[in-house]
Amino acid sequence: MQTEREQRLIDTVAWVRIEDGRILCARPHGKGVFYIPGGKREGAETDLQTLVREIYEELTVELVPDTVAHVGTYEALIPDAVVRMACYTAEYSGTLAASSEIDEIAWFTYADRPHVPPVDQLLFDDLHADGLLAHG
């Protein structure tokens, strides 16, 4: 049996966009679950480079790099892997829209917590505890 340290690591970054007590989530094509927008780095990308690229690819908006702020890093076990999600807030320019790789975007409250993956649920818990994410 593998220990947690021997598990495969899925290293991701995510954009935390909260408006009116709701957090922006996206459901990619072919997936039945919503995620905090973001994704995995390519090659030697920094968190910032990954975040800017992924959000443009998924939501067709440009993040404003000098407004990016780290809000926390979360880890959760899934079968055969550990998911690490570094979360950032940032201002953006453009109009939020689902790209060709996203089926749907939605604004979730804490009541929607069961509809996101375990690592996202940890973020939901902190945001709700800090009074940033409405209960429902």
*Rounded percent of accessible protein surface that carbon and sulfur make up, segment 59-107, 1.4 Å probe*: 50 percent
*So what is the calculated 222 nm ellipticity per residue for the chain, using -39500 (n - 2.57) for each DSSP H run with n of 4 or more, over all residues, to the nearest 500 deg cm²/dmol?*
-6000 deg cm²/dmol
*Which of the peptides 111-122, 50-61, 91-102, 14-25 is most tightly packed, and how do the rest follow, judged by the mean count of other Cβ atoms within 10 Å per residue?*
50-61, 14-25, 111-122, 91-102
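Out of every Cα pair in the chain, what percent are spaced more than 17 Å from each other?
59 percent
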*Once the whole set of protein chains is in place, how much accessible area is left on residue 29, using a 1.4 Å probe, in Å² to the nearest 10?*
90 Å²
_Between residue 97 and residue 48, what is the label-point separation in nm under the 7 Å Cα-to-beta-carbon projection?_
2.8 nm
*If you take the charge dipole of segment 16-136 about its Cα centre, with +1 on Lys and Arg Cβ and -1 on Asp and Glu Cβ, which of 94, 64, 106 is farthest toward its positive end?*
106
_Only Lys, Arg (+1) and Asp, Glu (-1) charged, at Cβ; segment 1-101 dipole about Cα centre in debye_ = 280 debye
*What residue among 127, 35, 55 has its Cα farthest toward the positive end of the dipole of the chain, where the charges are +1 on Lys, Arg and -1 on Asp, Glu, each on the Cβ?*
35
*Could you work out how far apart the two model spin labels at residue 126 and residue 56 are, taking each label as a point 7 Å from the Cα in the direction of the beta carbon, and quote it in nm?*
2.7 nm
*Leaving out ligands and nucleic acids, note down the accessible area per residue over the chain with a 1.4 angstrom probe, in whole Å².*
54 Å²
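The values are calculated or read from the model by the stated rules, or taken from the named source; none is laboratory data. Predicted, not measured: the structure shown is a model, and the values here were computed from it. All Cβ positions, glycine included, derive from the backbone under ideal geometry; neighbour counts span all protein chains shown. Only protein heavy atoms, including side chains, enter the accessible area calculation; ligands, DNA and RNA are left aside. Shrake-Rupley method; radii C 1.70, N 1.55, O 1.52, S 1.80 Å.
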